[in-house]
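Here is the structure we will look at, set down as structure tokens.
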Amino acid sequence: MASGAELIRRAKEQITEVDPREVHDLLPDRNGTVVVDVREQQEFEQSHVPGAKHVPRGHLESRIEGKAGDKSARLILYCASGNRSALAARTLQEELGYEKVESMTGGITLWKDRGYEVEVPRSLTAEQRERYSRHLLVPEIGFDGQMKLLDAKVLLLGAGGLGSPTALYLAAAGVGTMGIVDDDVVDLSNLQRQVIHTNERIGMPKVDSAEQGIHDINPGVEVVKYQTRLDASNILEIIEGYDVIVDGVDNFPTRYLLNDASVRLKIPVVSASILGFDGQLSVFAPYEGPCYRCLYPTPPPAELAPSCGANGVLGALPGIMGVLQAIEVVKLVTGSGEPLIGRLLLYEALGTTFTNLKLRRDPDCPICSRDPGEISDEEMGVFPDYEAFCAAAG
Amino acid sequence: MSVTVKIPTQLRNVTAGDAETTVDEATTVGEVLDGLYDRYDGLRDRIAEDGDLRRFVNVYVGGEDIRFLDGLDTSVEDGDEVTILPAVAGG
């Protein structure tokens with residue numbers, strides 16, 4: 001029976017070895033040559049030859065065809081020092097019929113000793129792999145989707161009924177940066193539905209309380225706080241740079257202002273509203289689907305625009321609507337599924353019915369029928385009877 | 001023939017709390033709404049103005065906005081579902 005060292009020596013006699021310099025000289029386009037790293041996952045994650053594909057030797061037979069299907073193409077394998085890749089090369093050559101397979105002498109160790117560059121892939125820490133393991137298991141999210149979530153910047157307008165569950169679930173999902181706009185403080189009457197806040201935090205600014213709630217569930221989230229009211233003078237500055245905006249504001253003037261500013265900056269808005277037992281949800285993706293003004297060209301007059309403060313709302317209703325918003329955000333960020341663009345979802349809690357309505361872009365929309373550059377500062381958030389509306393609303 | 005109408009929270013104070021009702025013998029959305037106006041005092045003023053819908057109220061038949069169909073002349077058929085939907089800002 002041969003020793004391990006003997007086996008490796010014999011394998012090297014049977015296959016062709018290639019010097020790292022020759023592999024390096026093939027960069028960057030390699031003329032169709034495929035370079036495969038046969039080391040273990042953790043070794044590959046630390047660093048690898050730029051552009052190398054990864055097939056751990058233990059999975060060689062089952063996975064190589066998925067990564068390098070053309071058996072007549074030149075294939076260069078490497079490992080840490082050139083032994084595992086020699087054995088793998090022999091397997092591919094003798095048993096799987098690869099015609100031009102080679103093993104890189106000295107592996108990545110020699111490659112690095114020569115001073116050649118390596119690629120350090122982005123990876124999740126062990127803590128992140130554990131924390132997001134249930135996302136990683138879902139193919140629609142997986143590693144790439146989780147990375148997108150970690151890179152995402154999401155702005156929440158309002159840390160109230162809708163913003164509370166949205167913030168908690170997006171924080172839990174690993175959204176990297178979350179902005180929160182709210183000028184209010186936590187009030188006892190909020191706690192029937194605004195679940196990110198707590199009894200102990202009554203009287204605290206909502207942005208601070210929300211930050212604490214977010215960090216309690218996921219300390220890795222960067223929170224940017226805006227303890228202010230959105231108005232025409234600050235909105236562009238605040239929303240610029242965010243990937244998605246979550247609209248949970250409680251008044252019409254801000255909803256129209258947000259619509260116009262987000263169309264101008266082409267930022268999608270996940271919008272929900274609630275009243276009593278009814279919720280509405282839609283995604284307004286500028287120039288892709290309708291905007292809020294296509295749906296409602298003008299708001300109701302103040303006397304016909306009931307608020308939750310005046311009319312009440314079932315505490316769990318913003319829970320379901322806010323979580324639906326969180327899901328739409330995740331879909332937009334990861335690019336999975338069919339976001340609720342051009343559709344309006346109605347949830348009616350008393351009858352437990354969901355109704356899907358179709359929304360269309362209005363060719364005469366005062367905002368999104370024009371180019372972003374044509375939307376002026378002066379008209380943003382303004383609608384007919386705006387002055388009267390705001391006077392009546394106090 | 002009969003059409004089902006869904007009434008949102010904001011309007012239920014003029015529909016005696018009804019969240020859903022049916023209208024018989026209507027062939028257009030306009031006739032459906034007329035049927036409702038006969039039944040519910042005060043509903044007309046809440047959603048209509050000068051014979052047309054107010055701009056912040058949308059009406060859908062079978063999930064389609066009637067503004068992109070034939071407006072109040074949009075025809076309805078037996079079993080259709082009509083949804084009245086004013087803008088809501090609550091958060």
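The values are calculated or read from the model by the stated rules, or taken from the named source; none is laboratory data. Note that this is a predicted model, so its numbers are computed, not measured. A quick note on method: Cβ atoms are made from the backbone with ideal geometry, for glycine too, and the neighbour counts reach across all protein chains shown. Protein only, heavy atoms only, side chains kept; ligands, DNA and RNA dropped before computing areas. Shrake-Rupley method; radii C 1.70, N 1.55, O 1.52, S 1.80 Å.
Some observations on this one:
- Where B:Thr4 falls short, out of the listed (1) within 14 Å of chain A (Cβ to nearest Cβ); (2) of a type in the set (S, T, N, Q); (3) in a strand (DSSP E or B); (4) open to solvent by 40 Å² or more (accessible area, probe 1.4 Å): (4)
- Of everything in the stretch A:118-135 that is farther than 23 Å from A:Arg57 by Cα and in contact (Cβ under 8 Å) with a residue 12 or more places away in the chain, the residue that is least open to solvent (accessible area, probe 1.4 Å) is A:Tyr132.
- Residue in the stretch A:142-154 that is farthest from the other protein chains (Cβ to nearest Cβ), counting only those that are open to solvent by 10 Å² or more (accessible area, probe 1.4 Å) and among the aliphatic types (A, V, I, L, M): A:Met147
- Tallying residues that are in contact with a strand residue (DSSP E or B) (Cβ under 7 Å, 6 or more places away or on another chain) and of a type in the set (Asp, Glu) within the stretch B:1-27 yields 2.
Yes/no per residue for (1) surrounded by fewer than 17 Cβ atoms within 10 Å (Cβ to Cβ); (2) among the small types (Gly, Ala, Ser); (3) in contact with a helix residue (DSSP H, G or I) (Cβ under 6 Å, 6 or more places away or on another chain):
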{"position": "A:Leu156", "(1), (2), (3)": "no, no, yes"}
{"position": "A:Ser164", "(1), (2), (3)": "no, yes, no"}
{"position": "A:Ala167", "(1), (2), (3)": "no, yes, yes"}
{"position": "A:Asp183", "(1), (2), (3)": "yes, no, no"}
{"position": "A:Asn199", "(1), (2), (3)": "yes, no, no"}
{"position": "A:Gly203", "(1), (2), (3)": "yes, yes, no"}
{"position": "A:Ile214", "(1), (2), (3)": "no, no, yes"}
{"position": "A:Lys225", "(1), (2), (3)": "no, no, yes"}
{"position": "A:Asp231", "(1), (2), (3)": "yes, no, no"}
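- Qualifying position, being more than 10 Å from every other protein chain (Cβ to nearest Cβ) and open to solvent by 20 Å² or more (accessible area, probe 1.4 Å), among A:Asp278, A:Asp250, A:Asp260, A:Asp243: A:Asp243
- Remark: B:Val88 falls outside the filter, which requires a residue to be touching a helix residue (DSSP H, G or I) at 6+ places or on another chain (Cβ under 6 Å), within 14 Å of chain A (Cβ to nearest Cβ), closer than 25 Å to A:Leu275 by Cα and in a loop (DSSP other than H, G, I, E, B).
- Taking the conditions (1) modelled with pLDDT under 95; (2) surrounded by 22 or more Cβ atoms within 10 Å (Cβ to Cβ) in turn, A:Ser271 satisfies each one other than (1).
- Qualifying residues in the stretch B:14-61 (those that are part of a loop (DSSP other than H, G, I, E, B) and within 9 Å of chain A (Cβ to nearest Cβ)) - the one surrounded by the most Cβ atoms within 10 Å (Cβ to Cβ): B:Phe56
- Identity of the residue in the stretch A:62-72, within 34 Å of the chain's Cα centre (by Cα) and open to solvent by 20 Å² or more (accessible area, probe 1.4 Å), that ends up nearest to A:Arg21 (Cα to Cα): A:Lys67
- A:Tyr287 closer than 25 Å to B:Phe68 by Cβ and open to solvent by 30 Å² or more (accessible area, probe 1.4 Å): yes
- Close contacts from the stretch A:9-35, counting a first residue that is under 20 Å from A:Val118 (Cβ atoms) and a second that is assigned to a strand (DSSP E or B) and of a type in the set (Ser, Thr, Tyr), with Cβ to Cβ under 8 Å and a gap of 6+ residues or different chains, come to A:Val18/A:Ser103; A:Val23/A:Tyr78; A:Val35/A:Tyr78.
- Exactly one residue among A:Leu87, A:Leu75 is of a type outside the set (Gly, Ala, Ser), open to solvent by less than 40 Å² (accessible area, probe 1.4 Å), in a helix (DSSP H, G or I) and in contact (Cβ under 8 Å) with a residue 24 or more places away in the chain, and that residue is A:Leu87.
- Flag for A:Lys153 being over 30 Å from A:Pro20 (Cβ atoms), touching an Asp or Glu at 6+ places or on another chain (Cβ under 6 Å) and of a type outside the set (Ser, Thr, Tyr): yes
- Residues of the stretch B:62-85 satisfying the condition of being crowded, with 17+ Cβ neighbours inside 10 Å and either in a loop (DSSP other than H, G, I, E, B) or away from chain A (no Cβ under 13 Å) (or both): B:Leu72, B:Thr74, B:Val76, B:Asp80
- Among the numbered conditions (1) touching a Lys or Arg at 6+ places or on another chain (Cβ under 9 Å); (2) surrounded by fewer than 19 Cβ atoms within 10 Å (Cβ to Cβ); (3) under 30 Å from A:Ser209 (Cα atoms), the only one that A:Glu99 does not meet is (3).
- Within the stretch A:133-155, the only residue that satisfies the criterion of being within 18 Å of A:Pro219 (Cα to Cα) and more than 13 Å from the chain's Cα centre (by Cα) is A:Ser133.
- Within the stretch A:36-49, the residues that satisfy the criterion of being surrounded by 15 or more Cβ atoms within 10 Å (Cβ to Cβ), within 13 Å of A:Val118 (Cβ to Cβ) and not aromatic (Phe, Trp, Tyr) are A:Asp37, A:Arg39, A:Glu43, A:Glu45, A:Ser47, A:His48, A:Val49.
- Scanning the stretch A:288-308 for residues that are within 14 Å of A:Asp250 (Cα to Cα) and at pLDDT 80 or above yields A:Pro299, A:Pro300.
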